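S.K.: Just passing along the structure, written as structure tokens.
The values are calculated or read from the model by the stated rules, or taken from the named source; none is laboratory data. In this text, all values refer to a predicted model and were calculated from it rather than measured experimentally. Cβ: placed from backbone, ideal geometry, glycine included. Neighbour counts: every protein chain shown.
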Amino acid sequence: MRFIHAADLHIDSPLRGLSRYDGAPVDRLRNATRRALVQLVDLALDEQVNFVLLAGDLYDCDWSDFHTGLFFREQMVRLGRANIRVFIVQGNHDAQGVISRQLPLPENVTTFSSKKSETVRLDDLAVAIHGRSFPDREVPDDLVPLYPEPVHGLFNIGVLHTSLTGAMGHDTYAPTSPGVLMAKGYDYWALGHVHARQVVSEKAPRIVFPGNLQGRHANETGPKGCELVTVNAGTVEASFIELDVVRWHQVTVQLDGVDDVAQAAEQARKALAAAIAGATTLLHAVRVNLIGQTHLYELEAEQPGTLAATVQAAAQDINDCEVWIEQVRLAISSPIDRAQAMEGQDAIAELVRLVDELAADDAMLADWSKQALGDVLAKLPAEVQADAESDSLPRLDDPAALRSLLADAEATLLARLNVERANGADGRGGR
């Protein structure tokens, strides 16, 4: 017996904010979740699996029209023509209380009830599949005690959308524990909700989050796909199969002591090449973090955008692979001796002392941030403020984030002051 276990397809996930990125491959990014599902169906047909398990969050939210539902249905029809059955539990994003539009699914698809747990027996395969869908987005209770008892003599599979005991970046839904799952007596738990692949238990029973089918932003990095499972005489063998068509990365480039643009470009090229090695058929979407102390900060202060353009140029030099730089984040600073600078009587010394004073007092830092940033953030477009996937905006209630922001501001100002001081010293016009 062979089956596929997948979850968190999030078909037609809105991917808000892409219009803010100049040159973004918008169509390919928006269609990535669809193309990943097509590849899932292709895999099921090629491997001639007996059935497919989908553990929740097929959709990201209520459909804007029927095109999303029709696309999913079309893929299920492809499976039905090959006599491959599909078993679905609905999760928090596609619960019956969330998805208002409905389409009848083909006969090969079974969606478990949201009112009670159910069991489907496949006696020809000696399998019993147990599941329950979410009635609404909020499910605060452990559903596992309400799942049916295992069917003696059959291979028992539980399909469940759950946060288990909690996962970073994910809301708590249908919480339970590995111990509770193990005590149920099933042979395999097909979980969904957590977007990073996680093998909770390798065997007796096997408990797995396959992760989402397609990464959707820079915090969902690395290969994405499904579990291909073979059961032979009760023995479970499973492989993770990559199905993503756009792969997200976060790449860090160390620039300590790198004071030449060409050298910085080469450092970036090497880091990018290492990150995407072995996956030449995909579109790679990369967020690049530049870190370290470098005199290139003075160049960036004088010519903003230099380092981002340098990274873009490095990406163009990657052969046999398509790379899109989603964003370049700067966490670099000028190699200045702060202790020595603080002893002076000039603007640089005054700036360093002010930064230290603010960083040492959370209340003072919060007040300063509200005065400096509050009006600016309030004037941002509504789309930017509402973009739940964006993590680029500063949080005014987070002292650690504010200190990081303050350090960036200090580095920028120090670089510009150093540039102005150098310009004045060599006769190009001080102020």
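S.K.: For segment 113-135, what are the residues that are surrounded by fewer than 21 Cβ atoms within 10 Å (Cβ to Cβ) and touching a Phe, Trp or Tyr at 6+ places or on another chain (Cβ under 9 Å)?
M.R.: The answer is 114, 117, 118, 119, 120, 122, 125, 126.
S.K.: Sticking with this one: Which condition does residue 288 not pass, out of (1) surrounded by fewer than 19 Cβ atoms within 10 Å (Cβ to Cβ); (2) within 21 Å of residue 26 (Cα to Cα), if it passes all the others?
M.R.: Only one criterion in (1) surrounded by fewer than 19 Cβ atoms within 10 Å (Cβ to Cβ); (2) within 21 Å of residue 26 (Cα to Cα) is unmet by residue 288, namely (1).
S.K.: Of the numbered conditions (1) at negative phi; (2) surrounded by fewer than 19 Cβ atoms within 10 Å (Cβ to Cβ), residue 278 fails exactly one; give the number of that condition.
M.R.: (1)
S.K.: Answer yes or no as to whether residue 294 is under 29 Å from the mean Cα position of the chain (by Cα) and hydroxyl-bearing (Ser, Thr, Tyr).
M.R.: Here the answer is no, as residue 294 does not meet what is asked.
S.K.: For residue 94, only one of the following conditions fails: (1) over 19 Å from residue 54 (Cβ atoms); (2) at pLDDT below 95; (3) of a type in the set (D, E, K, R). What is its number?
M.R.: Here residue 94 meets the rest and fails (1).
S.K.: Looking at this structure, is residue 282 at pLDDT below 95 and outside the structural domain of residue 41 (by TED's automatic domain parsing)?
M.R.: yes
S.K.: Given the options 239, 177, name the one that is closer than 21 Å to residue 90 by Cα, surrounded by fewer than 17 Cβ atoms within 10 Å (Cβ to Cβ) and either charged (D, E, K, R) or in contact with a Leu (Cβ under 7 Å, 6 or more places away or on another chain) (or both).
M.R.: Answer to the selection: 177.
Residue-by-condition table, conditions (1) of a type in the set (Lys, Arg); (2) within 21 Å of the chain's Cα centre (by Cα):
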| site | (1), (2) |
| --- | --- |
| 30 | yes, yes |
| 70 | no, no |
| 81 | yes, no |
| 108 | no, no |
| 114 | no, no |
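S.K.: Check off (1) among the small types (Gly, Ala, Ser); (2) out of contact with any strand residue (DSSP E or B) (no Cβ under 6 Å at 6 or more places or on another chain); (3) on the phi < 0 side of the Ramachandran plot for residue 128 and give me the number that stays unchecked.
M.R.: (2)
S.K.: Just to be sure, is residue 48 surrounded by 15 or more Cβ atoms within 10 Å (Cβ to Cβ), modelled with pLDDT of 95 or more and not aromatic (Phe, Trp, Tyr)?
M.R.: Values: surrounded by 15 or more Cβ atoms within 10 Å (Cβ to Cβ): no; modelled with pLDDT of 95 or more: yes; not aromatic (Phe, Trp, Tyr): yes.
When the stated conditions are applied, residue 48 does not pass them.
S.K.: Please list, ordered by first then second residue, the pairs with beta carbon atoms under 8 Å, 6 or more apart or interchain, first in segment 103-119 and more than 22 Å from residue 137 (Cβ to Cβ), second part of a strand (DSSP E or B) and among the small types (Gly, Ala, Ser).
M.R.: Here the result reads 119/128, each pair linking segment 103-119 to a residue that is part of a strand (DSSP E or B) and among the small types (Gly, Ala, Ser).
S.K.: Would you pick out the residues in segment 143-154 that are more than 18 Å from residue 187 (Cβ to Cβ) and surrounded by 15 or more Cβ atoms within 10 Å (Cβ to Cβ)?
M.R.: Within segment 143-154, 143 is the sole residue that qualifies.
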